[in-house]
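Q: The structure's right below; bear with me while I get my questions together.
Computed from the coordinates by the stated procedures, all read-outs in this text should not be read as laboratory data. Computed from a predicted model, the values in this text were never measured in an experiment. For neighbour counting, all protein chains shown are included, and Cβ atoms are generated from backbone atoms with ideal geometry for every residue, glycine included.
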Amino acid sequence: MIEFNAQYYDGLSSKAHQVRVVIDDAGILKIEGLPEPIEVSFKDVSVSARLGNTARFVKFAGGAKCETLDNDAVDRALRGHAVASGSRLVHWLESNWGVALGALAVTALIIWAALEWGVPWGARKVAHAIPVEVVQSLSAKTLDYLDEAVFEPTTLDEETRQRLSAGFENMTRYRKGFQLNLHFRGGEKIGPNAFALPDGSIVVTDELVELAANDEQVLAVIAHEIGHVYARHALRSLLENSAFGLLLTAVTGEVSSTVSAVGALPAMIVQAKYSRDLESEADAFALTLMNETGLARHHFADIMELLRDDHQDHSDSLLSSHPPTEERIQRFRQ
Amino acid sequence: MDETREEMIVVEHEPNQEAVISELPVTSVVPLEFRGTAGEYFKIWIVNLCLSIATLGIYSAWAKVRTKRYFYGNTFLNGVSFDYDADPVKILKGRIIIGILFGALAISQHISLTVYGVMIGVFFLIFPWFAVRALAFNARYSSYRNVRFDFKGRLSEAYKVFVALPLAIPFTLGLIYPYLKKHQVDFFMNSHRYGVRPFKFDADTKAFWPIYGAAWAMSIGLAVVFGIFITVIIAGLSASGGLLANIGDAGPDTFAADSLLFASIWVIYGIMYLAMLFIAAYIKANVTNIMWNNTRLGQHGFESRQTGSGLYKIYLTNLFAVVFTAGLAMPWAMIRLAKYKADCLTVWILGDLDVKASKTQQEIGAAGDAALDLGDFDFDLGL
């Protein structure tokens, strides 16, 4: 027989009655202390799930409720009469420091695995599932915008441009899928550089051509940029970075300015890491394409060295968007 | 508070471990009591997090119910706690809907800016509907002494306070804000019921002017101080030959100066954020006070004693704790905030708190809320 003190509320008003609940071995629940005592079968009531040491509720058909702080007595009654009450498992998980620390470890592991593998994998699958035409249309206007804001018309002579275009044709001849186009631009504001836009436009600045010692070096850089297009990096990058924001919201459970402010630095670090991975992938693609086309791979290493000496090199930091330059040079010198 | 109350016999009521119902003296000043602890809640919080992630978010609806039950269940008024008994499945439905909507919004951003702009407009316009649903859901599944709360806010009024008036903000250069706030608090409080008894909030827009006036003055002061700060720093760094001296001339020599510049910008940004956080805390605390101090529930009254600096201390220490523990201090932070809010709230109970349950409650109890099912989703709007 199990007994405990409780407050009884009939559900019609907030008036409370101090009562004693008695559950006998036959499973009959009696409430003593009311003007008219109540008697029901224990199986006909519903008991709220245990949550720490918060009050436990025994709910009756018709809306009445008994409220008690004696959780242990209620648990004994539930066990004794095999009555279900929410999840005892969850309460057990929540009352155990060992479980809590284990859950912490598991959570950290899952989050790390999601960021390291899950998100890049998902982004790759989604990006490649989108038809080429759609991907190309995503950035159709970008070159126009860049022409307005950043680039000037090229000052390279016709012969150089034709040579490089021929080399470009040679590289892209057997590759199907994207429509690739080579564009020359003056890049005083950005120096020696090359870009790949998702729609297949490859832009090379005059400064890069001038810095390079020969055509092969320029083509090596172009090969790397082509890699970005075929591997749909712009789209994958977009998806990966959005996913991080989404993950942050899901984990913290709220969309507040504090969360975005505090999450800004981790976001930058994660995005930089994703960026480095994509750059590595583009390097690998360049290696393959150069082999196919008969371009000696050391040209890539050579132009990397020239670029490194020209810029300051911050590629060793956590926030760097490209892998360390030394590493990249080594890869192409093997 | 009116004169009659001062004439009554007022007795300070000590928080008890057991409910003391039948022996309430004439008028009790009953503080709200929060008994939750960080240690206990941490375990609940981490299990919630782990299971939510492992189930790709599905468990999060159950996690929300457990969290609310923990906080409600550890908030005591007169030795009796509050209860939250929403069905997690309904919460899940609401979350899925919101998830789809925000997903569509995010995707539209990359399709075209026009589509994105239109969608933002649409969201702004349908927000009041979601707000009313969320507030009603939250109220109906919250109860005290087995009498449920309720929310009877009308959609038209929701539009006024969430769409129409906010649209006037740019046109009035922000001066309409105290008026807007008064009407939002009015809408919120006066639409809530405890059983059949409505909450009655009654204060003029005038009451809000001092708060927003002070906040406005503080913001101006902040802007001036940081304007000076930034001018000084930029002048100093230009003199040292950094990036600003010759834009476009970035190279190895300017690296040190450039780094200093970027670091200073981050530091300034950080300090500004912390200062704005104070202004936010100041506004929140004072608006909360006005809200409760001018609200009655039948013959009962409320007293709220939050202060801007008190709330700010909590916000600030919570922020640093959470950042430096990579989020692990979150449960501790939540408990601290709940405790502060409860510690600052007192209920003046005249007689006893005997309120009749509303018809809605009987509908919920009897038919298992069939009558409410259509709109019975919870939308986490952070209200």
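Q: Counting pairwise Cα distances across segment B:31-125, what percent come out greater than 19 angstrom?
A: Working: 2618 of 4465 pairs.
So the pairs more than 19 Å apart make up 59 percent of the total in segment B:31-125.
Q: Which ordering of A:Met171, B:Met276 is given by a fewest-first count of other beta-carbon atoms within 10 Å?
A: Details: A:Met171 21, B:Met276 14.
Listed from fewest to most nearby Cβ atoms, that is B:Met276, A:Met171.
Q: Further question on the same structure: Distance cut-off 22 Å, Cα to Cα: go down the list B:Lys64/B:Lys339; B:Lys43/B:Lys339; A:Lys30/A:Lys59; A:Lys43/B:Lys64 and report the pairs above it. Don't skip to the answer; put the middle values down first.
A: Values: B:Lys64/B:Lys339 19 Å; B:Lys43/B:Lys339 18 Å; A:Lys30/A:Lys59 13 Å; A:Lys43/B:Lys64 28 Å.
Checking Cα-Cα distances, A:Lys43/B:Lys64 exceed 22 Å.
Q: Right, next: Suppose each label sits 7 Å from its Cα in the direction of the beta carbon; what would the A:His183-B:Ile271 distance come out to in nanometres?
A: So the two model labels end up 4.3 nm from each other.
Q: Of A:Thr293, A:Thr172, how do they rank once you tally other Cβ atoms within 10 Å and put the fewest first? Show your work: numbers first, answer last.
A: Working: A:Thr293 16, A:Thr172 23.
Lowest count first: A:Thr293, A:Thr172.
Q: Just name one of B:Phe229, B:Val355, A:Leu287: the one whose Cα is farthest towards the positive end of the charge dipole of the protein assembly as shown (beta-carbon charges, Lys/Arg +1, Asp/Glu -1).
A: B:Val355
Q: Enumerate by residue number the trypsin sites (Lys or Arg not before Pro) in segment B:142-208 meeting two conditions: DSSP loop (anything except H, G, I, E, B), and at most 13 other Cβ atoms within 10 Å of the site's Cβ.
A: On the way: sites: B:Arg145, B:Arg148, B:Lys152, B:Arg154, B:Lys160, B:Lys181, B:Lys182, B:Arg193, B:Lys200, B:Lys206; in loops: B:Arg145, B:Lys152, B:Arg154.
Counting only loop positions with at most 13 other Cβ atoms within 10 Å, the trypsin sites (Lys or Arg not before Pro) in segment B:142-208 are B:Arg154.
Q: Something else: Report the calculated FRET efficiency for B:Leu260 and B:Phe324 (r = Cβ-Cβ distance, R0 = 25 Å), to the nearest 0.05.
A: Values: r = 25 Å, r/R0 = 0.99.
So, using R0 = 25 Å, E works out to roughly 0.50.
Q: Modelling each spin label as a point 7 Å along the Cα-to-Cβ direction, I'd like the B:Ala217/B:Ala235 distance in nm, to one decimal.
A: Spacing of the two 7 Å Cα→Cβ label points: 2.8 nm.
Q: Label points 7 Å out from Cα along the Cβ direction at A:Ser13 and A:Ile269: separation in nm?
A: Spacing of the two 7 Å Cα→Cβ label points: 6.1 nm.
Q: Same structure again: Based on Cα coordinates alone, diagonalise the gyration tensor for the protein assembly as shown, multiply each eigenvalue by 5, take square roots, and list the semi-axes in whole Å, largest first.
A: On the way: eigenvalues 747, 190, 106 Å².
Three semi-axes, in Å: 61, 31, 23.
Q: Quick one, can you get me the convex hull of the C-alpha atoms of segment B:84-188 expressed as volume per residue in Å³? Mind dumping the intermediate values first?
A: Numbers: hull volume 11.4 nm³, N = 105.
Enclosed volume per residue, from the Cα hull, is 108 Å³.
Q: Taking the beta-carbon count within 10 Å as an exposure proxy, list A:Asp310, A:Asp157, A:Asp44 from fewest neighbours to most.
A: Numbers: A:Asp310 14, A:Asp157 8, A:Asp44 11.
Starting with the residue having the fewest Cβ neighbours, the order is A:Asp157, A:Asp44, A:Asp310.
Q: For segment A:126-137, take each phi angle, set θ = phi - 60°, evaluate the Karplus expression 6.51 cos²θ - 1.76 cosθ + 1.60, and give the result in whole Hz per residue in order, putting x for glycine and proline.
A: Once θ is set to phi - 60°, the couplings for segment A:126-137 become 5, 4, 7, 7, 7, x, 4, 4, 5, 4, 5, 6 Hz.
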